[in-house]
Amino acid sequence: MNKLEIKICGMTDAANIRLATALRPDWLGLIFHSPSPRCASGLDPAVLPPEVKFAGVFVNASAEDIISTAQLYNLSAVQLHGDESPEFCRSLRGLGFEVWKAIGIAGAADLRTAPEYADAADRIVLDRKSPSRGGTGMKFNWNILGFYPCGTPFMLGGGISPYDAGGIALIRSSNLVGIDLNSRFETAPGIKDIPLLASFISKIRKL
């Protein structure tokens, strides 16, 4: 298996961010969606460590809001979790942003959406389909990943738990480039369990 990038998403607390950064993830994720219990809109940009890349998560936000937030927090990628069209994604890429498009997955049929974004997004994020647009702690059936119908690299999200390193090792897809860790590694919404993450990340890096 190729080395998987690790993203820890849903960060909200400066001290917790510093501890998570010490684990050397490839990405930390900040959610800018006010209904989310992990919304980071009130976080002081000055507390973000420069040695890690940040991805900002947006749900049906305007281009103006995404651009201003990305500039304020010096985001390296924007992750779109709403109903954003391929054209909308292309417009942001045209401005120089790295764009990740999330697709909610309940079954294999939902994978058919991915090719629509093949030339519109840098990555696809496969998450468990839900009205809350993520953060459910629930998985979809990973066995369907063998039917991923697109050449665009994808990140695996949706309910990855501390016990899933073995299951991730069994995924056979050359398009899988990373994993997105969130609610199953928390002591409270937005506060990550650092020892739990450290143990899991150590296992993943040995795959």
Selection status of T113, without any contact (Cβ under 8 Å) to a residue 12 or more places away in the chain, open to solvent by 20 Å² or more (accessible area, probe 1.4 Å) and more than 21 Å from D26 (Cα to Cα): yes
Output for region 84-94, where each listed residue is open to solvent by 10 Å² or more (accessible area, probe 1.4 Å) and either outside any loop (DSSP other than H, G, I, E, B) or modelled with pLDDT under 95 (or both): P86, E87, F88, R90, S91, R93, G94
Of all residues making up region 1-55, the number that are open to solvent by 80 Å² or more (accessible area, probe 1.4 Å), in a loop (DSSP other than H, G, I, E, B) and of a type in the set (K, R): 2
Top-ranked residue in region 130-144 [being touching a Ser or Thr at 6+ places or on another chain (Cβ under 9 Å) and open to solvent by 60 Å² or more (accessible area, probe 1.4 Å); ranked as modelled with the highest pLDDT]: K139
Selection count, region 145-188, where residues are open to solvent by 20 Å² or more (accessible area, probe 1.4 Å), in a helix (DSSP H, G or I) and farther than 17 Å from K206 by Cα: 4
Given (1) within 17 Å of the chain's Cα centre (by Cα); (2) aliphatic (A, V, I, L, M); (3) surrounded by fewer than 18 Cβ atoms within 10 Å (Cβ to Cβ), index of the condition A63 fails: (1)
Qualifying residue in region 89-111 (condition: under 24 Å from L48 (Cβ atoms) and of a type in the set (S, T, N, Q)): no
Residue count, region 2-22 (criterion: at pLDDT 95 or above and more than 13 Å from L181 (Cα to Cα)): 10
From the options G42, G96, residue that is at positive phi and either of a type in the set (D, E, K, R) or without any contact (Cβ under 8 Å) to a residue 24 or more places away in the chain (or both): G96
Matching residues in region 97-110 - criterion: being open to solvent by 10 Å² or more (accessible area, probe 1.4 Å), charged (D, E, K, R) and within 17 Å of the chain's Cα centre (by Cα): E98
Selection count where residues are touching a Lys or Arg at 6+ places or on another chain (Cβ under 7 Å) and closer than 17 Å to R128 by Cα, scope region 141-161: 7
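The values are calculated or read from the model by the stated rules, or taken from the named source; none is laboratory data. What you are looking at is a predicted structure, and each value in this text was computed from that prediction instead of being measured. So basically every Cβ, Gly included, is an ideal-geometry build from the backbone, and we count neighbours across all protein chains shown. Quick note on the areas: whole protein, heavy atoms, side chains included, nothing else; ligands and nucleic acids left out. Shrake-Rupley method; radii C 1.70, N 1.55, O 1.52, S 1.80 Å.
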